[in-house]
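Just so it is clear, none of the values below were taken in a lab; they were calculated from the coordinates. This structure is a prediction, so every number in the text was calculated from the model and none was measured. Neighbour counts are summed over all protein chains in view; Cβ atoms, including those assigned to glycine, are modelled from backbone coordinates with ideal geometry.
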Amino acid sequence: MLKRKACEESYSLRDFSGVYAAHVGRKRVGPAFWLLCLSTIVFSLQPLLEEEEGGRSAFRGFKAKVRLLLPFLWPQRSRRLQLVVVVCVALLASGRVVNLFIPMLNRRVVNSLAGEGTLIFPWQDILLYVSLWGLQGQGGSSVLSNLRSYLWISVQQFTVKEIEVELYSHLHNLSMNWHLGRKTGEVLKVLDRGTSSVTSLLSYILFNILPAVADIVVAVIYFTVSFNAWFGLIVFLTMAIYLGATIALTEWRTKFRREMNQLDNAAQAKGVDALLNFETVKYYNAEEYEVAGYKECIEKYQVAEWRSTASLNLLNCCQTLVIALGVAAGALLCAHMVANHQSGLKVGDYVLFLTYVMQLYTPLNFLGTYYRMIQRSFIDMENMFELLDTKPEVIDAVNAPNLQLTDGEVRFNNVSFSYNPE
């Protein structure tokens with residue numbers, strides 16, 4: 001692994017003239033602020049995916065894997081399904097706009113009710129807020145997300161069909177020698193796991209990861225412009241540290257998931273092969289031997305499963321700590337500025353900050369999960385890619401013409417046969 005060292009030079013806050021100016025002047029953001037943001041994201045999110053002994057990255061060979069998957073993910077032969085994909089992306093963009101306007105409307109309502117002098121009944125803002133909240137929903141109850149999921153059914157079915165037909169056709173093109181030496185249980189497990197991982201990969205990236213990243217970018221820009229650069233910096237650093245820690249710890253956990261897959265395949269292969277050869281087991285009175293071997297496979301799998309689950313608990317604790325520190329820093333700063341009437345912030349701005357930040361940070365808990373699921377999908381697809389890379393022993397020559405038969409006879413002289421080529 002590449003080791004990173006902390007920067008040894010020390011700077012005062014005033015050296016970042018843009019940040020300091022933004023703190024004094026609400027709308028001023030100097031280039032140093034964006035330079036700091038850029039350097040931070042490079043430091044935090046620069047590939048932590050280097051190869052390790054016994055725990056290589058799940059994203060190793062990422063471009064090659066994506067190139068193999070693209071024909072299954074994009075419906076090239078169906079204009080209707082392509083239009084469905086475009087509509088789903090448009091619904092995602094609409095959701096980002098809704099997520100921004102809900103806290104803004106909430107602030108207007110609070111400022112109208114908590115203002116000095118004559119209070120205003122903001123019924124229009126309340127109705128608009130409730131309407132947008134209905135579109136946003138909570139979790140899977142969102143109108144936009146349910147509409148998108150409904151439209152996505154046909155695309156997902158297309159992907160499943162293409163993958164399963166391709167794998168089935170590839171297996172039939174392999175040689176008899178390969179089929180005689182295969183482990184049926186392991187092959188079935190690889191097919192099942194590989195198909196499910198490919199179908200879920202696009203959904204994780206398109207409908208979970210990209211919207212969360214887009215919300216983060218919008219939030220950083222909004223807080224920097226509407227409040228000051230300190231708020232944008234707090235949100236940005238919280239997100240960068242969160243994502244950096246998630247990627248680093250998840251990559252560390254990769255070896256546990258890979259070990260689980262190997263042991264799961266071994267247990268599946270041993271169990272299915274023993275049942276398929278039931279008569280042989282009976283002939284040799286090997287029931288206890290087979291049961292003991294299967295039990296040993298399960299115990300080894302459970303050890304790997306315990307390691308994976310324990311490391312997941314550690315990851316969740318680290319994520320919660322980062323989010324709590326980020327919320328505390330932003331809430332304290334916002335409350336201090338509201339109490340001292342700085343930058344024109346009011347009570348509604350404090351409510352907006354907490355509402356927007358909690359709305360932003362809540363999906364982050366799932367963002368780590370989605371990253372792990374994407375990583376798991378790539379791990380689960382490794383055996384499927386190995387299966388697809390298996391070359392048939394008998395293939396046609398390049399540009400081989402079709403055999404045209406008009407008349408003749410077939411003779412067999414000195415014909416021999418073997419499963420293994422000599």
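Which residue pairs have Cβ atoms under 7 Å apart, sit 6 or more places apart or on different chains, and have a first residue in region 401-422 that is in contact (Cβ under 8 Å) with a residue 60 or more places away in the chain and a second that is among the aliphatic types (A, V, I, L, M) and surrounded by fewer than 10 Cβ atoms within 10 Å (Cβ to Cβ)?
Close Cβ pairs satisfying both conditions: 419/180.
Of the residues 198, 165, which single one is free of Cβ contacts under 8 Å to residues at least 12 places away in the same chain and over 20 Å from residue 267 (Cα atoms)? Walk me through how you get there before you give the answer.
On the way: 198 fails: free of Cβ contacts under 8 Å to residues at least 12 places away in the same chain.
Within the list 198, 165, the selection yields 165.
Among the listed residues 234, 298, which satisfies the condition of being among the hydrophobic types (A, V, I, L, M, F, W, C) and within 30 Å of residue 220 (Cβ to Cβ)?
Details: 298 fails: within 30 Å of residue 220 (Cβ to Cβ).
Matching residue, one of 234, 298: 234.
Going by the structure shown, is residue 331 within 27 Å of residue 230 (Cβ to Cβ) and assigned to a helix (DSSP H, G or I)? It would help to see each step written out before you state the result.
Working: within 27 Å of residue 230 (Cβ to Cβ): yes; assigned to a helix (DSSP H, G or I): yes.
Criteria met by residue 331.
Exactly one of (1) more than 23 Å from the chain's Cα centre (by Cα); (2) part of a helix (DSSP H, G or I); (3) over 30 Å from residue 69 (Cβ atoms); (4) not acidic (Asp, Glu) is unmet by residue 387. Its number?
So the condition that residue 387 fails would be (3).
Would you mention how many residues in region 70-95 are out of contact with any Leu (no Cβ under 8 Å at 6 or more places or on another chain) and part of a helix (DSSP H, G or I)?
Narrowing region 70-95 to residues out of contact with any Leu (no Cβ under 8 Å at 6 or more places or on another chain): 70-72, 74, 76-83, 85-86, 90, 93.
Applying the additional criterion that residues be part of a helix (DSSP H, G or I) yields 70-72, 79-83, 85-86, 90, 93.
Summing the residues that are out of contact with any Leu (no Cβ under 8 Å at 6 or more places or on another chain) and part of a helix (DSSP H, G or I) in region 70-95 gives 12.
Could you tell me which residue of region 81-118 is nearest to residue 360 (Cα to Cα), considering only residues that are more than 31 Å from the chain's Cα centre (by Cα) and among the charged types (D, E, K, R)?
Among those residues, the one meeting the criterion is 107.
Report, ordered by the first and then the second residue, all pairs with beta carbons closer than 7 Å, sequence separation of six or more or different chains, a first member in region 322-344 that is free of Cβ contacts under 8 Å to residues at least 60 places away in the same chain, and a second member that is among the charged types (D, E, K, R).
Note: pairs meeting the criteria are 338/346; 338/349.
Hand me the list of helices (runs of 4 or more DSSP H) wholly inside region 119-215 holding 2 or more residues that are within 23 Å of the chain's Cα centre (by Cα).
Working: elements: 123-136, 143-173, 176-181, 184-204.
Of the helices (runs of 4 or more DSSP H) lying wholly inside region 119-215, those with at least 2 residues that are within 23 Å of the chain's Cα centre (by Cα) span 143-173, 184-204.
Could we say that residue 234 is of a type in the set (A, V, I, L, M) and surrounded by 18 or more Cβ atoms within 10 Å (Cβ to Cβ) here?
Values: of a type in the set (A, V, I, L, M): yes; surrounded by 18 or more Cβ atoms within 10 Å (Cβ to Cβ): yes.
Considered against the rule, which asks whether it is of a type in the set (A, V, I, L, M) and surrounded by 18 or more Cβ atoms within 10 Å (Cβ to Cβ), residue 234 comes out as yes.
Only one of (1) in contact with a helix residue (DSSP H, G or I) (Cβ under 8 Å, 6 or more places away or on another chain); (2) outside any helix (DSSP H, G or I) fails for residue 314. Which number is that?
Unmet for residue 314, out of (1) in contact with a helix residue (DSSP H, G or I) (Cβ under 8 Å, 6 or more places away or on another chain); (2) outside any helix (DSSP H, G or I): (2).
Just name the residue that is nearest to residue 356 (Cα to Cα) out of those in region 90-130 that are loosely packed, with under 15 Cβ neighbours inside 10 Å and among the polar types (S, T, N, Q).
In this case the residue turns out to be 94.
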